[in-house]
Structure formats: C-alpha cells, structure tokens
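Worksheet: one structure, shown below.
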Amino acid sequence: MTDSLAAAAGLGPAIVDPVVALQAGWLADGPLFGLPLTELWFALVFFILGTFLFLDGFDFGVGVLFATRDSPSDREQLLAAIGPFWDGNEVWLVVFGGALFAAFPAVYATLFSRHYLLMFAILGALIVRGLAPEMYEQRHDDAWQRWWGRAFVVGSTAAPLFLGIFAANWLLGATALVSIPSVVVGVALVALSTTGGAAFLGLKTRGRVQRETTAYGPRALFAYLALVVVAVAYLLATRPDLRGTLIAPATLALLVASVGLGAAYVVAMRRESYVGALVATAGLTYGLVALIASVLYPVIDPVTGLTVADAIVSTIPLNLMSVGAALLLPLVFAYFVVLYSAFWGPVEEGEGYAGE
C-alpha cells in the first residue's frame, strides 16, 4: 500500500526503502575516492595497536621501575608522573578492539575466542595496574602500601607480558596459550616498556630520582634488542614457512632501523634529551608492530587462513567507517595534545598521585 501511494505520487519506492537507496548510491560504487581502504584499515588497526603499546607502554615501564624505589616520596613521584595519563592512554586499547571488530569482524571473533583466557589475563593485569595506585593512596601504613605497591608492579609487568604473548600468538597462528617465542616476545615488550618508562621519568622527575630511574633505560633497551634477535633467530630455525618473510628487504630494514633507533635512544639519554629518547622509543614500538604486520600481510589470521581482502567488511560499511574515522581520529589526537600539554611539566617534590 505504501509503495503504491509513493509510486502514485511520483516518488518511487526508494523513498520508503532507504537501504535500497543507499545501496544504489555513491557509497556502494566502490572504495571512497578509489583509495585502497582494505590496506589502509589493516595499517590503521596496527597503528592503533602501536599507539596503545607506546602510550600505555611507558606507563607500564614506570610501574616496573616502581619496584626499584624504596622511599615513599620517590614512589609518590612515580605515581604522580603517570596519574593524569594512564587512564586516557588505555582508551587506545578499546579503540584497537573496536577498529578490529568494525573492519575485520571475522578476525575479531576467531582471534579473541581462541585466546579468551589470555584476554582475561590481560584485562586482569590492567585492572590490577589501575586499581593499585588508587588503593595505595587510601591508607598510609607500611603494610598496606607495601602490598598495593607490589600489586602495582605485578600489574604493570604482567600487562605487557601478556600483550606480547598475544601479539606473538596472532603472528604465529598459535592456538596454545604460551610457547617459547611468545614468551620471548612478551618479555621483550616488558623490556621495551621499561625503556619508555625510563625516558618518561626523565621528563617528569628531577634530581636523584631522575638519575636513578633513567639509568635503567639503556639496560632495558639492550635486553629488548637481544630478545628480538633471539625471537627472530628462533623463528628462522623452527619456522621454515616464515624464513622468506623474515629475510625480506622490508623486514631486514625494520630490524636495522630498530638498531639505529636504539643507538639514538642511548645517545639521547646520555645527553639528557629525554624527548628525543621518548621519540626513539615510539619508533621502536611502531617498528615492532610494523614488523608483526609485515610478516602477517596479506594474511590477517594465519589459523583460519583469512587474508586481509577476505576478512574486510563490505563496501558500504567500509566507506561509512572510513568517513567516521577521518572525522573522529583528529579529535582524539587533539584531545591527547591538550592533555599532554596541560600536564607536561615535571612532578614537583611532595606532589602525590592525582595531584594529592
């Protein structure tokens, strides 16, 4: 009846069937502006993952270095250094999960369901890491703060460890919870987080605390680079199917670039150029994620054999998501620019967590 009235009015059935109208419109003609949206979304998903691992990574590193502090005032400085940032930095993990679900829903479903115990472990570590500083500040007796201080260190160490295991399992198509290469990658990510944490504390602290915490940065860096070499050598020896990719020019270039960035980090730390050291850490983190992505591509889920082209959503939702991402991501970056600008300065002695 509605279609007949619409046809009689000369409007046509498309007016009362917006889905048909949308499918017949420009959104269904192909990727917007002829862009390679499939590949761009693959790159974007891993870029978001790298952003989370970098931003929350130096928060994890501060938590690891918290174990080296005995003085209550030192510990308060470390907590105050990350207080304004850590919860905002964790947003990128949510964005990563949302982007993977939106662009590659089949991968999201199979990947997370295979590793649901690992997902719970990651979430548990993040919860402990977030809860511990809040509880630490509730009481000021030694036993209470010692217990919650240890919980903060455990959560800050376990989160990058489990995240590294997850990333390695994804790359290798592993269905087991842990394996030798996944544990190596997990420990490497803990070391990389500590590298970033030391550079961040160089910016946020002064005096003795700055000198002592930044001294751990180069040591953590050397551990990270050594573990990457061990992981690559192990895969070359045990995974013949990956040898061609691991010795490809792009992969070798990323490994060489990591060594160069490591050297830049050490020089920057010695010169007390902590911004430069943090930039080098960012390069190392994005380089690690790019290495994983380049070894995976064009496959996105080695267990099921799904390629990027097979797993991407259809044209209309892909175009709509691309428009939304183009509008929203600049706003998210603007928020972080404002956040870090507002709390850029060093922590003053005596300043506590969340400005206490």
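Rule-based calculations on the coordinates, nothing more; no lab input. Computed from a prediction, not measured in an experiment: that's the story for all the values here. Positions of Cβ are generated from backbone atoms using ideal geometry, with glycine treated the same way; all protein chains shown enter the neighbour counts.
For the chain, with only Lys/Arg (+1) and Asp/Glu (-1) charged at the beta-carbon, what is the dipole magnitude about the Cα centre, in debye rounded to 20?
In debye, rounded to 20, the chain gives about 1060.
What are the residues whose amide H is under 5 Å from the amide H of D301, where those residues sit 5 or more places off or on another chain and H is modelled from the backbone?
It is L306, by chain and number.
How far apart, in nm, are the 7 Å Cα→Cβ label points at W147 and F112?
Each label point is offset 7 Å from its Cα along the Cβ direction, giving 3.3 nm.
Using DSSP to call loops (not H, G, I, E or B), can you name the trypsin sites (Lys or Arg not before Pro) in the stretch 113-211 whose Cβ has at most 16 other Cβ atoms within 10 angstrom?
Of the trypsin sites (Lys or Arg not before Pro), the ones in loops of the stretch 113-211 whose Cβ has at most 16 other Cβ atoms within 10 Å are R139, R206.
What are the principal axis extents of the Cα atoms in the stretch 205-288, in Å, biggest first?
Over the stretch 205-288, Cα extents along the principal axes are 51, 20, 15 Å.
Taking Cα atoms, how many degrees apart are the long axis of helix 216-238 and the longest axis of the chain, rounded to 10 and kept between 0 and 90?
Result, in degrees: 50.
Take the chain, connect every pair of alpha-carbon atoms lying under 10 Å apart with a spring to form a Gaussian network, then pick out the residue of L242, L171, L192 with the largest mean-square fluctuation.
Checking each option, the largest mean-square fluctuation is seen for L242.
Jot down the per residue volume, in cubic angstrom and as a whole number, of the convex hull over the alpha-carbon atoms of the stretch 196-254.
Numbers: hull volume 4.7 nm³, N = 59.
Dividing the Cα hull volume of the stretch 196-254 by its residues yields 80 Å³.
Please identify, among L172, L53, L329, the residue showing maximal mean-square fluctuation in a Gaussian network model of the chain using a 10 angstrom Cα cutoff.
L329
Give the calculated FRET efficiency between L328 and F120 to the nearest 0.05, with a Förster radius of 45 Å applied to their Cβ-Cβ distance.
FRET efficiency, L328 to F120: 0.95.
Taking R0 as 41 Å, what's the FRET efficiency between E39 and T68 from their Cβ-Cβ distance, rounded to 0.05? Each step should come with its number before you reach the end.
Numbers: r = 43 Å, r/R0 = 1.05.
The formula returns an efficiency of 0.40 here.
Report the gain in length on full extension from R270 to R139: 0.36 nm times residue separation, minus Cα-Cα distance, nm rounded to one decimal.
43.3 nm
Name the residue from G207, S341, W148 whose Cα lies farthest towards the positive end of the charge dipole of the stretch 35-344, charges +1 on Cβ of Lys and Arg and -1 on Cβ of Asp and Glu.
G207
Give a residue-ordered list of calculated ³J(HN,Hα) values for the stretch 300-309 (Karplus: 6.51 cos²θ - 1.76 cosθ + 1.60, θ = phi - 60°; whole Hz; x for Gly, Pro).
Working through the residues one at a time gives 10, 9, x, 5, 8, x, 5, 8, 4, 5 Hz.
Grab the Cα-Cα distance for F336 and A253, subtract it from 0.36 nm times how many residues apart they are, and report the gain in nm with one decimal.
Values: separation 83, 0.36 × 83 = 29.88 nm, distance 3.05 nm.
Separation in residues times 0.36 nm, less the Cα-Cα distance, equals 26.8 nm.
State the three equivalent ellipsoid semi-axes of the chain, derived from the C-alpha gyration tensor as the square roots of 5 times its eigenvalues, in descending order and whole Å.
Over the Cα atoms of the chain, the ellipsoid semi-axes are 41, 26, 19 Å.
Which residue, chosen from V259, Y136, F112, occupies the Cα position most advanced towards the positive end of the dipole of the stretch 35-344, where the dipole is computed from +1 (Lys, Arg) and -1 (Asp, Glu) charges on Cβ about the Cα centre?
Towards the positive end, the residue furthest out is V259.
Rg/Rh for the stretch 233-273: what does it come to with C-alpha atoms and Rh from Kirkwood?
1.23
Under the Karplus relation 6.51 cos²θ - 1.76 cosθ + 1.60, θ = phi - 60°, what is the ordered set of whole-Hz ³J(HN,Hα) values for the stretch 171-185, x standing for Gly and Pro?
For the stretch 171-185, the Karplus curve yields 4, 8, x, 7, 9, 6, 5, 9, 8, 4, x, 5, 5, 4, 5 Hz.
In a GNM of the chain with a 10 Å cut-off on Cα contacts, which of I247, I122, I312 has the highest mean-square fluctuation?
Ranking I247, I122, I312 by mean-square fluctuation puts I247 first.
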